[in-house]
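The values are calculated or read from the model by the stated rules, or taken from the named source; none is laboratory data. Computed from a predicted structure; not experimentally measured. Cβ placement follows ideal geometry from the backbone for every residue including glycine, while neighbour counts extend to all protein chains displayed. Each accessible area value is taken on the protein alone, full model and side chains, heavy atoms only, with ligands, DNA and RNA left out. Shrake-Rupley method; radii C 1.70, N 1.55, O 1.52, S 1.80 Å.
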Amino acid sequence: MKSIAKTEGMIFMENLVMPLRSLGPLVLSACASFVLCTSAGADPIADTTEAIKTRFLESLAPEQITNAEPGDFEALLTEEERALFAGGYITFTVTEPVTVYIFRDTRLDNVNEPFWLFEQGFERTDFSAEAYQRDFDVWRRDYPAGEIGLGIHALRVVREHYFIGVAPQGQIAATDIADLAPDYLETGLLELGALTYVDRSVTLDAISPELEGMTLVRTPSDRRPAAALYGAFHETRHPATARPDQIFLTIAEDPREQMAVNWRTDTTVTAQSVALWRTEDYNAPTRPDPQIFPAETTLVESPRVVNQTAVHRHSVLIDGLERGTEYTYAVGSDETGWSSAAPFETARRGEHPMSFAYIGDVQDGFDRFESVMDTLMRMRPDIDLLIFGGDLVGRGNDADQWDDFFAALGDAGRSIPLAPIPGNHEYLPDNDPAHYVATFRLPENGPDDIPAELAYHFEFGGNTFIMLDSNEWNGEQRDWLPVALEDADDDFSFVFTHHAAYTSRPGRYYAGVTENWMPVWEQNDIVSMVFQGHDHAYMRTHPMLEGEVSTVDDGGIYYVVSSAGNKFYEIDSHAYIDLSLEDRQMFQVIDVMRDDDRMIYRAYDVDGVEHDRIEIED
């Protein structure tokens, strides 16, 4: 069985989460308070939420779960669960009577969330605020001196998380806060430009001036899903059967002699294999018996997908192939049947012409992604690689999203190997890319001290490809980058990272990428282009070196942001941007020409219209 590496949390506070599905409301009796629970390493909010989900799956019909209306799930909470969700999420102590202000994303108004805001007697004010291009309304309530307990963000995932203001009653001023829990929360001064969250560089862009000067409690943005029940359950439109489907290739460490094959079945199927022929033998008048390569099988559970809670993922790493040779393969078994056959070709020896396509964030925009793939395959069926820059799906640990992704991908991956990297959405909603790792068989030549297959590198046609996981293990990958680049020499080298060194969306900055990784990319004039995602727009920089506009001849690197889904963000104004486009599904095709040692980069929209082109000579 293929092992799935379990990871640490995406951010430091997520290390508190310990999903123990067998625990129900009784978890409250195990801890005297939320503070004691979190300091002991438990998280009663997460544990109780998981227990509620388990109870719903066991006691409710699938349609009751997936079609729940606002208020349905609240009515099913026990008194203990409701009390925990209303006052056990954030706690602190004050030494004087105070007024607490809750800054709530206005989109929660449509669903009357969070429920505790109304039940605890908070009153809506006429004040407002803005952060990260989102509007916030402001609620207030007076408290006496002593301990204050506040509730969950919501019973659904809605960005952005609320943040908190605290002031002495009757005035707007700072006040002392003690015993703040969880202990990773921070306090500051509520003013324009203040950071509103402990885990994201989101600033307060507008606020009613009457509120400036009180104490700000920065909350954990990535804890929004901590108690999410609405939207946590789904149905797949493409359930697995005993017949193999979702058949696709993935890149191997040595594409000249290796190829990885991946597919899925339902859980009734265990023994699976790849049948392989050289294509010339497959097409011969008398077809010989194929080589048989037994598959490794992984049980992949997806309990939130109510009509199919588990599937089997199968994979084979075929080794010992001949270079520059076309093969034909099928997957399955004599017992369950074999798939139709499809061809693939191994890479040739040394430097040779090659091409690849880059596809940025898809997330939930599968219909538009399908159109992108149709256009790409119509225009360039000859490409050698399909590279995905993370956020292939919106919820990485729910199988229904992967089912939609592969349905939109179609048959392209059957003959063209995929080379993905994880985005932050591959970690959702469990802060663990387990489903991603189980789905894609990838090279295991990344840093020794991080889970395998999340970062890796390979060479194709004399070009070096560096694939990074920008969610985690920043230092480990920084130290590994020189090793991955040491054989690049004068060839073209490409880096892929989901979070951007040069961003397009206002208010974003990823220090670990810009300050730790980018200086390594700039060494030795090796890297030609860096492909990025996450910002849901199209943007290409000038050649950049040490934060300044430069030239390719002087070692400048082009940086690209692209998105293939239907979610878009505003583009900021920066001197480093050479070209940007808003609200367009885009994909890129890169051709490396060996007759004159140059590469041509082209950016197309979903209709196949070329919007950008650059050439780089080696």
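Sparsely packed loop sites in region 420-518 (the GluC sites (Glu not before Pro) outside DSSP H, G, I, E and B with at most 14 other Cβ atoms within 10 Å) comprise GLU444, GLU486.
Helix 399-409 axis versus longest C-alpha principal axis of the chain: approximately 40°, rounded to the nearest ten. For region 303-319, putting each phi into the Karplus relation 6.51 cos²θ - 1.76 cosθ + 1.60 with θ = phi - 60° gives couplings of x, 7, 8, 6, 9, 6, 8, 7, 9, 9, 9, 10, 8, 9, 9, 8, 10 Hz, in residue order, rounded to whole numbers and with x for Gly and Pro. Ligands, DNA and RNA aside, GLU235 has an accessible area near 100 Å² when probed at 1.4 Å. Shown for region 434-571: the carbon plus sulfur share of the solvent-accessible area, taken with all protein chains present and a 1.4 angstrom probe, equals 41%. Under 5 Å from the amide H of GLN363 lie the amide H atoms of LEU392, VAL393, each residue being 5 or more positions distant or on a separate chain, with H modelled from the backbone and absent for Pro and chain starts.
Protein heavy-atom accessible surface, 1.4 Å probe, per residue over region 402-473: 21 Å². For region 281-329, trypsin sites (Lys or Arg not before Pro) meeting the loop criterion (DSSP other than H, G, I, E, B) and having at most 15 other Cβ atoms within 10 Å: ARG323.
With a cut-off of 8 Å between alpha carbons and a minimum separation of six or more residues, what is the relative contact order of the chain in percent? After rounding, I find 11 percent. Our summary gives region 473-618 a relative contact order of 19 percent, counting only alpha carbon pairs under 8 angstrom and 6 or more residues apart. Here the gap between LYS567 and THR125, fully extended at 0.36 nm per residue and compared with their Cα-Cα distance, gives a gain of 155.9 nm. Region 550-582 and region 105-140 have their alpha-carbon centroids 35 Å apart. Here the accessible area of region 96-196 is 42 percent carbon and sulfur, with a 1.4 angstrom probe and all protein chains present.
Solvent-accessible area per residue in region 275-320 equals 51 Å², computed with a 1.4 angstrom probe and all protein chains kept.
Which stretch or stretches of region 164-202 have amide N atoms under 12 Å from the point lying 7 Å from GLU212's Cα along the Cα→Cβ direction? Only 190-194 pass the distance filter.
Counting only protein chain heavy atoms and rolling a 1.4 Å probe, the accessible areas of SER273, SER562 rank, largest first, as SER273, SER562.
Determine the calculated [θ] at 222 nm for the chain from helices alone, applying -39500 (n - 2.57) to every DSSP H run no shorter than 4 residues and normalising by the residue count; nearest 500 deg cm²/dmol. Intermediate values should be presented prior to the final figure.
On the way: 13 runs with 100 residues, N = 618.
Calculated at 222 nm, the ellipticity per residue is -4500 deg cm²/dmol.
Summarising the overall dimensions of region 262-338 from its C-alpha atoms, the Rg and Dmax are 15.3, 50 angstrom.
Once the 1.4 Å probe is applied to the protein heavy atoms, region 107-235 comes out at 39 Å² accessible per residue.
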